[in-house]
Amino acid sequence: MFSSRGFFISLLFGNLLLIGVILGTGFTATSFEVNRRTSKLTERFQEQLLALVLSDLQKSWPDVEDRIKQYCESYSKEPEFRLTVIDAHGRVLGDSEYSSERMEPHLTPDRPEILAAMDGKRGEDLRLSKTKNINYRYLADPVLKDGKAVAVVRVAFPVGGFLENRRMLFQGVVLCFALMLLAALLLSLLLSWLWYKPLRLLNDEAKRIAAGNLDPATPIDGPLEMNQLSKSLETMRRTFSTQLETIMRQREGLQTILKNLPDAIFAMNRAAEVIYFNAAAGKLFRIESAAEGPFLQELVRSAAIVEWYLERRKLPESSGKIERKEIDLFGRKHFLELEFVETQAEAKEDAAGLLIVSDLSEAVRANKMKTDFVANASHELRTPLSAIRAALDNVSEEIFDDKETLVKIFQIVERHVSRLDALIEDLLALHGAEDETLPARLERTNVAEQRLWIEEFFRNKIDEKRLNFSIESDWSDESFRIDNKRLGLILQNLLDNAIKFTPKDGSISLRFGRDGDRLVVSCSDSGCGIAPEEQQRVFERFYQADSSKTGDGRIRGTGLGLAIVKHAVERLRGTISLESRLAQGSVFMVKIPVELV
């Protein structure tokens with residue numbers, strides 16, 4: 001009934017309706033009882049008055065003339081009653097309102113109460129009075145003498161006056177009940193407000209929780225049931241808050257995992273729109289920014305990947321199957337592992353499928369480098385061993401008499417043994433430089449200490465080639481902490497490389513600089529230089545420049561020096577760069593973060 005109204009109005013109307021029904025029932029019952037009792041009292045009074053007059057007249061009959069006049073005169077002052085005495089012939093002996101001499105005989109059919117009384121019975125009738133034009137209730141009893149009715153005494157009571165009195169009484173009752181209804185309205189308002197206030201607060205609290213505000217609420221005062229409901233709502237809020245926090249933590253954890261996964265991941269909805277991609281996807285496919293709900297072909301600039309994805313999307317049975325492809329991205333070949341996983345999506349914004357792209361390029365290259373390394377190491381080891389074996393195969397008893405030939409053989413063996421020793425040393429140094437499991441061992445040092453061991457270590461080689469060697473520094477005597485062993489490998493191999501490729505009377509310069517909290521080492525030489533097409537390869541293991549381009553076919557090393565430098569710099573979280581021109585020299589620059597002391 002009040003479904004479209006507010007709860008307060010519904011509660012108020014409900015209370016008013018209930019009180020109205022109660023008051024209406026009470027009013028009806030009260031009115032009926034008042035009417036019944038008033039009518040009964042009036043009738044009883046009429047009967048008592050009739051009995052009193054009848055008893056008096058019957059005792060003094062027939063000498064009743066004075067009595068009749070006395071009664072008639074006394075009741076003439078009471079307009080509510082009318083007393084009439086009629087003899088057996090219908091003649092009016094006396095009347096309290098009119099003169100009896102002028103009144104017509106009353107023993108007529110239109111006065112049935114008189115006829116009944118003449119027959120010795122009580123007569124009663126309710127009709128309109130012809131003389132006064134008012135409804136009266138007539139009650140008549142016979143005056144008996146020797147068992148015979150000799151006269152009739154009639155008492156009339158105006159029904160109109162009674163009804164008017166009853167109406168006045170009714171109006172009083174109505175006024176009383178109206179006041180009671182007003183009081184009930186005020187009481188209903190008070191009760192409705194007392195009930196509505198905690199319910200309104202509970203409703204506001206429920207709306208606040210539904211809107212996502214999970215802050216603790218102020219306790220709600222009210223009846224026991226309201227308090228229990230408020231506690232239940234608070235328990236629900238805490239539970240919901242805990243579950244939401246758990247979901248948010250899990251979501252943040254999942255986002256962190258997805259963000260840091262090395263594999264590129266794209267999540268698509270049922271409309272094939274990309275709703276999420278992680279950092280690895282953005283890096284692999286160079287996605288700077290994306291509009292809301294883009295399609296895969298707008299982000300992935302590779303027709304092969306898009307076509308593969310569209311084919312797999314049409315084939316649900318292919319979900320989860322992995323395929324490897326060699327695909328060109330941005331002018332470079334990539335070895336990719338592609339996988340499409342179909343997921344259940346209830347809503348449009350849910351993920352309906354995942355495209356997972358794993359870039360195996362580095363792993364493939366590393367595997368190839370490992371294979372090449374084993375092949376190159378085997379070749380480099382086999383070459384001096386073959387030379388030693390060939391030299392030893394020429395040893396016989398006769399050769400001991402030829403001292404000159406024997407000396408040449410020993411020189412060959414010694415040279416190739418030295419080469420093997422250098423190769424093994426470089427292999428061990430390379431392993432130490434690139435081994436990520438070896439922790440950095442920080443030691444305190446300064447440029448003066450580095451200068452001292454460099455000058456001592458390379459003095460003979462520099463003097464042998466009459467090189468102009470200088471060491472410069474911007475650090476003065478300031479100390480710093482660094483992995484001294486790996487720094488030594490970097491400096492040693494940079495200078496070895498510079499000395500090896502710088503001709504006699506050339507120049508080499510080693511400079512220590514500073515860039516914030518980074519050590520900058522610059523090694524420059526006036527050697528043969530490196531061709532532009534070979535500058536990216538000089539850091540590969542066992543790679544050696546073409547002797548025809550260096551201008552010195554006698555130069556021969558292990559091919560590991562710059563590879564050692566590169567991996568040692570990477571382990572120290574530094575960078576290395578190269579600038580070189582043929583016949584003009586090279587400049588290697590290394591920047592390594594250090595701890596300032």
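The values are calculated or read from the model by the stated rules, or taken from the named source; none is laboratory data. Keep in mind that what you see is a predicted model, and the values were worked out from it rather than measured. Heads up, the Cβs are rebuilt from the backbone with ideal geometry, glycines too, and the neighbour counts pull from every protein chain shown. Side chains included, ligands, DNA and RNA excluded: accessible areas come from the protein's heavy atoms. Shrake-Rupley method; radii C 1.70, N 1.55, O 1.52, S 1.80 Å.
Inspect segment 98-110 for any residue being in a strand (DSSP E or B) and closer than 20 Å to residue 75 by Cβ and give the result as yes or no. No, the conditions are met nowhere in segment 98-110.
Can you tell me which residue is nearest to residue 271 (Cα to Cα) among those in segment 298-340 that are of a type in the set (Asp, Glu) and part of a strand (DSSP E or B)? The residue in question is 339.
Tell me which residues, restricted to segment 479-507, are aliphatic (A, V, I, L, M) and open to solvent by 20 Å² or more (accessible area, probe 1.4 Å). Residue satisfying the conditions is 489 alone. Candidates in segment 548-578 are the residues that are of a type in the set (S, T, N, Q) and open to solvent by 50 Å² or more (accessible area, probe 1.4 Å); of these, the one that is modelled with the lowest pLDDT is 548. The numbered conditions (1) outside any strand (DSSP E or B); (2) at pLDDT 85 or above; (3) of a type in the set (Val, Ile, Thr) are all true for residue 173 except (2).
Residue count for segment 459-478 under the criterion of being open to solvent by less than 80 Å² (accessible area, probe 1.4 Å), touching a helix residue (DSSP H, G or I) at 6+ places or on another chain (Cβ under 6 Å) and not polar (S, T, N, Q): the result is 3.
Screening the candidates 76, 39, 60 for the property of being without any contact (Cβ under 8 Å) to a residue 40 or more places away in the chain and farther than 23 Å from residue 144 by Cβ yields one hit, 76.
Filtering segment 72-94 to residues that are farther than 22 Å from residue 115 by Cβ and either open to solvent by 40 Å² or more (accessible area, probe 1.4 Å) or touching a Lys or Arg at 6+ places or on another chain (Cβ under 6 Å) (or both) leaves 73, 74, 76, 77, 78, 79, 80.
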